[in-house]
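Enquirer: To start, I am sharing the structure in question, which I have written as structure tokens.
A short reminder: the numbers here are calculations on the coordinates, not readings from a lab. Note that this is a predicted model, so its numbers are computed, not measured. Glycine gets a Cβ as well: all are built from the backbone with ideal geometry, and neighbour counts include every protein chain shown.
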């Protein structure tokens, strides 16, 4: 006989994590499922998650939120990828695009053909140029242009992929309106006590500061680093500071840029890195750094000195510990967002990890028996995805030629996860990239960052030699010319945003 269904879900904490969960549950909730979110206006949110990756479009489509409506409501901009400045060594930069790079053939990946030219004679290497020369996203980003395929050849148009920059607080407000319109109830208050059931240690109810007690069946912890619910269940944390030593961040908004570029910028600094995220109404800026290598005041001075406009507020200081909960789902409680773990936002994965957690919760939505098989699978998938993100971030720090500061020397010499070491070794040998276990990051992502961080394969797939070099050069020349012409024909990013705003 089937166990009784979940009748009441309590979400603790608002912000992006809480309201993404509430909105998604409101979208799929069967009759009789009550969803309540508890948050306090007295407790602020981190609110720096203003850059995303393309997967968010799927979540918004699931909710029925249109792209243009999203950008208008959140003062958002488009994002074609991330520009990395000074990561390999000072003075160099590269681009991690979201779209494809080149065109694969039936037999071969494009980058093996590119590597053949790159490793051939001087003329072929000059034609090969940089790998970004064959990315429509990278070319458009350089020009400050953006388009959703208008007027482009279908094959070239398919190589475009984008995400968004937006005001995270406005996005949460948008989701709150969506959720409340579909029956989600919000309670203003602070959780003072988490009451457990004596028989099995499951959460029974929450006691609020005003004296009210609220019971539930399933509890979702979106309380950030405080982990109000999961800490009561003795959640164990796996510390990754041995791989990622940064433990501080500063965030500040500055004046908007006159022409907001369609990409995020991450600039390496003496003991970490600085971000720049262009929105329509302001620019988000931040500095992620290691307190063991840089004083807080010096970090703030570097952040403010690097702004491209006047600051609009005092910088906010954030302390964090990189790592994840060993089990983000314990008994009848699931942690989302910062409550589940934190990997610095170098590749803009914070909001995606919330989204992925919500999607897994819906896919494994329990009944009141809380079958351990569901919990185990959720925790297995969560651990794998967090570790994949960790490895990709560590790659940026490990593969560097920088030796100019103690921080970068420590990063170069630090041990790395074996999973990452194996991936680097395989690529360095013959440029081979294999995605495993549903890896979040595409082959293009690994290719762009591996090459950008100076990992040059010793050889390429020799089966590519079946193509005569002269013919391969002609094909590559035509492809490069076509991509360049398409990028130049795209509208300016600012013009694309203006058209969206005018259509309101």
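Enquirer: How much length would be gained if the chain were fully extended between residue 199 and residue 225, taking 0.36 nm per residue of separation minus their Cα-Cα distance, in nm to one decimal?
Expert: In short, 6.5 nm is gained.
Enquirer: Rounded to the nearest 0.05, what FRET efficiency do residue 105 and residue 55 have when you use their Cβ-Cβ distance and R0 = 45 Å? Let's see the in-between values first.
Expert: On the way: r = 27 Å, r/R0 = 0.61.
With R0 = 45 Å, the Cβ-Cβ based efficiency is 0.95.
Enquirer: Something else about it: With bins 10 Å wide starting at 0, give me the P(r) of region 248-319 over every alpha carbon pair, in whole percents.
Expert: Taking all Cα pairs of region 248-319, the binned fractions are 22, 55, 21, 2 percent.
Enquirer: Then there's this: Can you give me the relative contact order of region 39-127 as a percent, contacts being Cα pairs under 8 Å and 6 or more apart?
Expert: Numbers: 46 pairs, mean separation 11.4, N = 89.
Result for region 39-127 is 13 percent.
Enquirer: Still on this model: Give me the distance between the Cα centres of region 306-373 and region 86-118, rounded to whole Å.
Expert: 31 Å
Enquirer: Averaging over all projection directions, find the projected area of the Cα convex hull of the chain and quote it in nm² with one decimal place.
Expert: Working: hull surface 102.1 nm².
Mean shadow area of the hull around the Cα atoms is 25.5 nm².
Enquirer: What is the Å³ per residue value for the convex hull set by the Cα atoms of region 118-249? Don't skip to the answer; put the middle values down first.
Expert: Details: hull volume 37.4 nm³, N = 132.
About 283 Å³ per residue, rounded to a whole number.
Enquirer: Once you place label points 7 Å from the Cα toward the Cβ at residue 377 and residue 238, how far apart are they in nm?
Expert: Using points 7 Å along Cα→Cβ, the separation is 2.0 nm.
Enquirer: Any chance you could give the angle, 0 to 90 degrees and rounded to 10, that helix 443-452 forms with the longest Cα principal axis of the chain?
Expert: Compared with the principal axis, the helix lies near 60 degrees.
Enquirer: Quote the FRET efficiency, to the nearest 0.05, computed for residue 190 versus residue 474 with a Förster distance R0 of 60 Å and r equal to the Cβ-Cβ distance. If you can, show how the numbers build up before the last one.
Expert: Details: r = 68 Å, r/R0 = 1.13.
The pair residue 190/residue 474 has a calculated efficiency of 0.30.
Enquirer: Report the full-extension gain for the segment residue 267 to residue 7: residue separation times 0.36 nm, less the Cα-Cα distance, to one decimal in nm. Present the calculation step by step, with values, prior to reporting the outcome.
Expert: Details: separation 260, 0.36 × 260 = 93.60 nm, distance 4.80 nm.
Contour length minus Cα-Cα distance gives 88.8 nm.
Enquirer: With angles folded into 0 to 90 degrees, how steeply does helix 168-181 sit against the dominant principal axis of the chain? Use alpha carbons for both and round to 10.
Expert: 50 degrees
Enquirer: So, one more: Considering only DSSP beta bridges where both residues belong to the chain, give the percentage that are antiparallel (nearest 5).
Expert: Values: 50 of 70 bridges.
Just about 70 percent of them are antiparallel.
Enquirer: Provide, as a two-decimal number, the C-alpha radius of gyration of region 251-376 over 2.2 N^0.38 Å, N being how many residues it has. The partial results should precede the final answer.
Expert: On the way: Rg = 18.6 Å, N = 126, 2.2 N^0.38 = 13.8 Å.
Here the answer is 1.35, to two decimals.
Enquirer: Along the three principal axes, how long is region 343-426 when you take its alpha carbons, biggest first, rounded to the nearest angstrom?
Expert: 56, 24, 21
Enquirer: On to the next question. Helix 493-502 against the longest principal axis of the chain: what's the angle in degrees, Cα atoms only, rounded to the nearest 10?
Expert: 40 degrees
Enquirer: Which three numbers, in whole Å and largest first, are the semi-axes of the equivalent ellipsoid of region 421-503 derived from its Cα gyration tensor as √(5λ)? Intermediate values should be presented prior to the final figure.
Expert: Details: eigenvalues 217, 102, 22 Å².
Square roots of five times the eigenvalues give 33, 23, 11 Å.
Enquirer: I would also like to ask the following. When the Cα atoms of region 345-504 are enclosed in a convex hull and the volume is divided per residue, what value in Å³ results? Mind dumping the intermediate values first?
Expert: Numbers: hull volume 36.5 nm³, N = 160.
Hull volume normalised by residue count: 228 Å³.
Enquirer: How many nm is it between the label spots at residue 458 and residue 489, if each spot is 7 Å from the Cα in line with the beta carbon?
Expert: For residue 458 paired with residue 489, the spin-label model returns 4.4 nm.
Enquirer: Tell me, in nm to one decimal, what length is gained between residue 312 and residue 298 on full extension, where the rule is 0.36 nm per residue of separation less the Cα-Cα distance? Could you put the intermediate results ahead of the total?
Expert: Values: separation 14, 0.36 × 14 = 5.04 nm, distance 1.97 nm.
Roughly 3.1 nm would be gained on extension.
Enquirer: Here is a follow-up. So what's the back-of-envelope 222 nm ellipticity for the chain, counting only DSSP H runs of four-plus at -39500 (n - 2.57) apiece and dividing by all residues, rounded to 500?
Expert: Numbers: 16 runs with 185 residues, N = 504.
Result for the chain: -11500 deg cm²/dmol, rounded to the nearest 500.
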